[in-house]
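> Below is the structure I would like to discuss, written out as structure tokens.
The values are calculated or read from the model by the stated rules, or taken from the named source; none is laboratory data. Predicted, not measured: the structure shown is a model, and the values here were computed from it. With ideal geometry, Cβ positions are generated from the backbone for all residues, glycine too; neighbour counts draw on all protein chains shown.
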Amino acid sequence: MMLNKPLFSALTQAKPALAGLARRDAYLPWVSPGEEGGPSPTASQTDGAPVRTRRSRLKDLASTMYCSVIGTCLGVGELRPLVARFQNVAAAGLSELDIHHGAVELAAQAGEGAKAINKALDQRHALAIQRFAPLETAPALAQAWREAVQQGDIAGPYWALLTHPAVTEALRKQAFGEVHMLSHLQGVSSRADLARLQALTLENSSLREQLAQQQERQQVQQQAHQHTLLRLQEQLQALQRQALRPAVPASAELSLRTEALARQLARLSHERDRSAQATSSLQSQCQGLQTEVMALRQQVHDEQHLNQALRAEAAALEAALASASQQAHGQPDPGLLEGAGQRVLYVGGRPSSNGAIRRLCDAAGIELLLHDGGLEDRKGLLPALVPGSDLVLLPVDCVDHDSMNRLKKLCARHGVPFQPLRTAGVASFLAALAARSPNRAGTQAPRPRPICLRHG
């Protein structure tokens, strides 16, 4: 994964924050060794010294890292045939998000599909693995990782670092946090990328016109050269036949004329070769620009979806504040969230925002059920909470893939609406309730699809 220079600058400025995030379990839901989905004790290090003599495999990593590893180190083109083969589905009917989810599920099952993904990772990043192999200590691995990040080489070194025998869990968390933040820092350069996309589009159009004109001129020149070559070859053959006649000796004038025609023929051949090289260079340049334009268009598309989500959240937050203001001035309140009497189950979230969400729900007459997803509350309580709920909300930035999939299947079984949230903030919670409000259905912006492609 190669990143542009604005992202490297943003990453350098965000180094302290990245290091802090890597040490906070609230943002990185790690699973401890020995728990379900966690790495085996033989694949971890307790005091910084390596206790393994071989590289780790995908199944030895924490299940919470599968999304980051697969999304960063393998492309959709490599994963599509694997998901189609091991999940027995038609590859043509799967979206990129379905491919990503299917690959993460195969990795979590730790079967033949996980082995195939591990093999694909090793083959794809064999050079990076070979480059990291001679390193024997965690500080040496950390230095090599920093150099790779500064050079924009992320995918191969990331896989080589996570599976290296000398890696520590602290170094794994640090690398995981930096890669996680890189996906969000990508939006920093979106405006510059949009301007560059427009400039490249204009440049691409200009180069296409130049290429068409060059091809037209080349075609005319080739036809003229071909005609001249045929005429010169006929003259040369006639002169050679005349020179070979035994009765008529070759004269000095005939030899000079033959040499001049040969030089003219060589010059025309050289000009034809130069024209062909110029055309080939323009075609290669045009193809490179087309590839870059397609990549920038995809980035702009993702930024537009993120903008739609943020607008919907801002509109919901403004509506909640306006309703609270009306209550404070004694005016009739149409309902803070227009969902009085509903029972909402909120799974995950953060303590800093859960208190504000509960106060808003109490003011609106909404019964809020909170469950932390299994950190302190038992996961066995969810099957009893879901059937009596009117809506289940889950922020994808605080819950791992396995918990989200189990909750989604449980809601489908009991016919309870399930809504994933972009973040654990209050604005995302309000936007989800506003989108379901019957009185605001005609005024609210349509809910966009999730922005983070690592979750669905």
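> Report, by residue number, each residue of the range 377-391 that is assigned to a loop (DSSP other than H, G, I, E, B) and in contact (Cβ under 8 Å) with a residue 40 or more places away in the chain.
If the condition is that a residue be assigned to a loop (DSSP other than H, G, I, E, B) and in contact (Cβ under 8 Å) with a residue 40 or more places away in the chain, then Val386, Gly388, Ser389, Asp390 are the ones that fit.
> Step by step: first the residues of the range 86-96, then only those that are in a helix (DSSP H, G or I) and either in contact with a His (Cβ under 9 Å, 6 or more places away or on another chain) or free of Cβ contacts under 8 Å to residues at least 12 places away in the same chain (or both), then the one that is surrounded by the most Cβ atoms within 10 Å (Cβ to Cβ). Which residue is that?
Among them, the one singled out is Ala91.
> Also: I'm trying to understand the selection: among the residues of the range 145-164, which are surrounded by fewer than 18 Cβ atoms within 10 Å (Cβ to Cβ) and either small (Gly, Ala, Ser) or not assigned by TED's automatic domain parsing to the domain that holds Thr64 (or both)?
Gly152
> Same structure, new question: Restricting to the range 268-303, give me the number of residues that are under 25 Å from Leu230 (Cα atoms), surrounded by 15 or more Cβ atoms within 10 Å (Cβ to Cβ) and either in contact with a Cys (Cβ under 9 Å, 6 or more places away or on another chain) or charged (D, E, K, R) (or both).
1
> Step by step: first the residues of the range 392-409, then only those that are in a loop (DSSP other than H, G, I, E, B) and not β-branched (Val, Ile, Thr), then the one that is nearest to Asp372 (Cα to Cα). Which residue is that?
Across the range 392-409, the extreme among qualifying residues is Cys398.
> Of all residues being of a type in the set (Gly, Ala, Ser) and modelled with pLDDT under 90 in the range 385-412, which is farthest from Leu61 (Cα to Cα)? Just the residue, please.
Gly388
> Within the group Glu96, Glu112, Glu136, which residue is out of contact with any helix residue (DSSP H, G or I) (no Cβ under 7 Å at 6 or more places or on another chain), acidic (Asp, Glu) and over 14 Å from Leu162 (Cβ atoms)?
Glu136
> Also, I was wondering about something else. Please determine whether any residue of the range 222-243 is outside any loop (DSSP other than H, G, I, E, B) and at pLDDT below 85.
Within the range 222-243, one or more residues are outside any loop (DSSP other than H, G, I, E, B) and at pLDDT below 85.
> Moving on to the next point. From the set of residues in the range 97-141 that are of a type in the set (Val, Ile, Thr) and within 25 Å of the chain's Cα centre (by Cα), which is surrounded by the fewest Cβ atoms within 10 Å (Cβ to Cβ)?
It comes out as Ile129.
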